[in-house]
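For reference, the structure discussed in these notes is given below.
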């Protein structure tokens, strides 16, 4: 990858240690993805905010990095570990470490969005705009549905792009990789967002390329597209999908593959608590859930994870009140993935409709999960 | 055996016993950061230790925060001494860049590296020397 003279100087440390680190990252990912050069980006979305994900090493790294680094481009950030308005049950140490992380990001000048669905909260740049999104569901959704151009960035590569305002011109920032060379054909009728999630989980594992074409399915609704994007991002490295026939290889997705994914992910029949979110719920999901539970009460604790911005919008139109009357609790700024609200000491198992949330509950929180679609959850757990 | 024409992703050199897999790795969900042990029972490297090893694997998958997991391994002294990929990815490249772990991409058609063989990676020269 060719660097401009000022980029070479920054890499050599002439503009400080933080920028040198950032360029070191950009050069490494540029080499890995075969980039010819760096290009300016319009927006960076950074992950690595939840203390449960980055740990003590991450806390220290960000504290040091943020002492000199400043964002060079609009930068939004992923959810943190918990809702500071609901600290009940969150260990004090966790709260302190989380506060340090938030402080580091704020010192750098990020927008404190704490959302994994920035595409539902902020104005979207023009189609074709290069961006740098670390949160994988946001990268896949933005490439696939909004026409933004991002690679499936890592927490550190998006941070490097945030402070330099640049990213490598490679892979999904070029038209060539955005035209799928492999297709997956579904041969059965999808009934819920969960089917889209299972397809995504299968696709992430099956597809080695950066993009995939799905055929045999209806164009997904926003809810379904979020489930699909999050699941692809969880199981593989593929960063974009299109709907329609792809060129080349065709893989089939039958009920057998869906069941295999389900058998791997759903490790319980039932759960002690319901967690909704991952990705965080948007207005249309809150609206759907409110309709499904109108006049009913949840029979188990139900945590709804959403961004504070969406919560504010929902409150204005009375949606939060309707859901709270059904017994649901809102947790803002946080999400199901890696949440400290759900520990194996507290719960044996949870109910969720999120393939991504389920994967991390099983593998990180070590809590079993009953994976069910949102309509089934409302039917079985609201009376 | 010397494998040359490897592509440098992160510079530097490192040596250790090769631990080799054809399965991708989710660094956040599958690796214990304190010990460097692969904890996923479904992974073929289950219970293998990354510490001091030359990790030979295709590419990283899953969470974007995996890059911090690689950095944490370094901070806990449990990082691999070098990483060899068949198709280096952004998580591996960025995590290793910050953790100062040399990374190379294998050239197409490179011979297999044997499990447990002592390997030395010279990323800047683009070579892997495997002692047989």
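The values are calculated or read from the model by the stated rules, or taken from the named source; none is laboratory data. This is a predicted model, so every value here is computed, not measured. Here the Cβ positions follow ideal geometry from the backbone for every residue, glycine too, while neighbour counts run over all protein chains shown.
Only residues that are more than 16 Å from residue B:107 (Cβ to Cβ), surrounded by fewer than 18 Cβ atoms within 10 Å (Cβ to Cβ) and away from chain A (no Cβ under 14 Å) were counted in the stretch B:1-14, giving 1.
Restricting attention to the stretch A:42-59, does a residue exist that is away from every other protein chain (no Cβ under 14 Å) and crowded, with 23+ Cβ neighbours inside 10 Å? Show your work before the answer.
Taking the stretch A:42-59 and keeping what is away from every other protein chain (no Cβ under 14 Å), we get A:42-43.
From what's left, crowded, with 23+ Cβ neighbours inside 10 Å: A:43.
Scanning the stretch A:42-59 turns up at least one residue that is away from every other protein chain (no Cβ under 14 Å) and crowded, with 23+ Cβ neighbours inside 10 Å.
The set of residues in the stretch B:31-43 that are without any contact (Cβ under 8 Å) to a residue 24 or more places away in the chain and either out of contact with any strand residue (DSSP E or B) (no Cβ under 9 Å at 6 or more places or on another chain) or surrounded by 20 or more Cβ atoms within 10 Å (Cβ to Cβ) (or both) comprises B:38, B:41, B:42. Residue A:197: part of a helix (DSSP H, G or I) and either away from chain B (no Cβ under 14 Å) or modelled with pLDDT under 95 (or both), yes or no? It is true that residue A:197 is part of a helix (DSSP H, G or I) and either away from chain B (no Cβ under 14 Å) or modelled with pLDDT under 95 (or both). Residues in the stretch B:115-127 that are surrounded by 15 or more Cβ atoms within 10 Å (Cβ to Cβ) and closer than 12 Å to residue B:55 by Cα: B:117, B:119, B:120, B:121.
With respect to residue B:94, is the statement that it is farther than 17 Å from residue B:23 by Cβ, at the interface with chain A (Cβ under 7 Å from one of its Cβ atoms) and modelled with pLDDT under 95 true? It is false that residue B:94 is farther than 17 Å from residue B:23 by Cβ, at the interface with chain A (Cβ under 7 Å from one of its Cβ atoms) and modelled with pLDDT under 95.
Given the options A:316, A:291, A:256, A:296, name the one that is closer than 22 Å to residue A:230 by Cα, more than 24 Å from the chain's Cα centre (by Cα) and either buried (at least 23 other Cβ atoms within 10 Å of the Cβ) or not assigned by TED's automatic domain parsing to the domain that holds residue A:120 (or both). On inspection, the qualifying residue turns out to be A:256. Please state which one of A:261, A:314, A:225, A:218 is touching a residue at least 24 places away in the same chain (Cβ under 8 Å) and in a loop (DSSP other than H, G, I, E, B). Testing whether each residue is touching a residue at least 24 places away in the same chain (Cβ under 8 Å) and in a loop (DSSP other than H, G, I, E, B) leaves just A:218. Restricting attention to the stretch A:131-165, the residues that are on the phi < 0 side of the Ramachandran plot and either surrounded by fewer than 23 Cβ atoms within 10 Å (Cβ to Cβ) or facing another protein chain (nearest Cβ under 9 Å) (or both) total 17.
Go through the stretch A:23-38 and give me each residue that's assigned to a helix (DSSP H, G or I) and either in contact with a strand residue (DSSP E or B) (Cβ under 7 Å, 6 or more places away or on another chain) or more than 8 Å from chain B (Cβ to nearest Cβ) (or both).
Pass one, the stretch A:23-38, residues assigned to a helix (DSSP H, G or I): A:23-32.
A:23, A:26, A:28, A:29, A:30, A:31, A:32, listed by residue number.
Could you list, in sequence order, all residues of the stretch A:299-313 that are crowded, with 23+ Cβ neighbours inside 10 Å and out of contact with any strand residue (DSSP E or B) (no Cβ under 8 Å at 6 or more places or on another chain)? Hit for the stretch A:299-313 is A:310, nothing else.
When the stretch A:39-55 is filtered for residues that are in a strand (DSSP E or B) and either touching a helix residue (DSSP H, G or I) at 6+ places or on another chain (Cβ under 6 Å) or within 20 Å of residue A:122 (Cα to Cα) (or both), the ones remaining, listed by number, are A:40, A:44, A:45, A:46.
Residue-wise test of (1) within 14 Å of the chain's Cα centre (by Cα); (2) surrounded by fewer than 21 Cβ atoms within 10 Å (Cβ to Cβ).
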| position | (1), (2) |
| --- | --- |
| A:214 | no, no |
| A:219 | no, yes |
| A:228 | yes, no |
| A:235 | yes, no |
| A:250 | no, yes |
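The conditions of being in a helix (DSSP H, G or I) and more than 14 Å from chain B (Cβ to nearest Cβ) are not met by residue A:231.
Among the residues examined, residue A:63 does not qualify as modelled with pLDDT of 95 or more, assigned to a loop (DSSP other than H, G, I, E, B) and over 27 Å from residue A:4 (Cβ atoms). Looking only at the stretch A:344-366, residues that are within 19 Å of the chain's Cα centre (by Cα) and not in a strand (DSSP E or B) come to 13 in all.
In the stretch A:87-108, the count of residues that are in contact with a strand residue (DSSP E or B) (Cβ under 8 Å, 6 or more places away or on another chain), part of a loop (DSSP other than H, G, I, E, B), outside the structural domain of residue A:312 (by TED's automatic domain parsing) and touching a residue at least 12 places away in the same chain (Cβ under 8 Å) is zero.
Across the stretch B:44-77, what is the number of residues that are surrounded by fewer than 21 Cβ atoms within 10 Å (Cβ to Cβ) and within 19 Å of residue A:52 (Cα to Cα)? Result for the stretch B:44-77: 3. Counting the residues of the stretch A:329-383 that are on the phi > 0 side of the Ramachandran plot, crowded, with 22+ Cβ neighbours inside 10 Å and either within 14 Å of chain B (Cβ to nearest Cβ) or at pLDDT below 95 (or both) gives 1. All conditions but one from (1) within 11 Å of chain B (Cβ to nearest Cβ); (2) closer than 14 Å to residue A:166 by Cα; (3) over 24 Å from the mean Cα position of the chain (by Cα) apply to residue A:19; the one that does not is (1). Scanning the stretch A:198-210 for residues that are in contact (Cβ under 8 Å) with a residue 60 or more places away in the chain and in contact with a strand residue (DSSP E or B) (Cβ under 9 Å, 6 or more places away or on another chain) turns up A:198, A:200.
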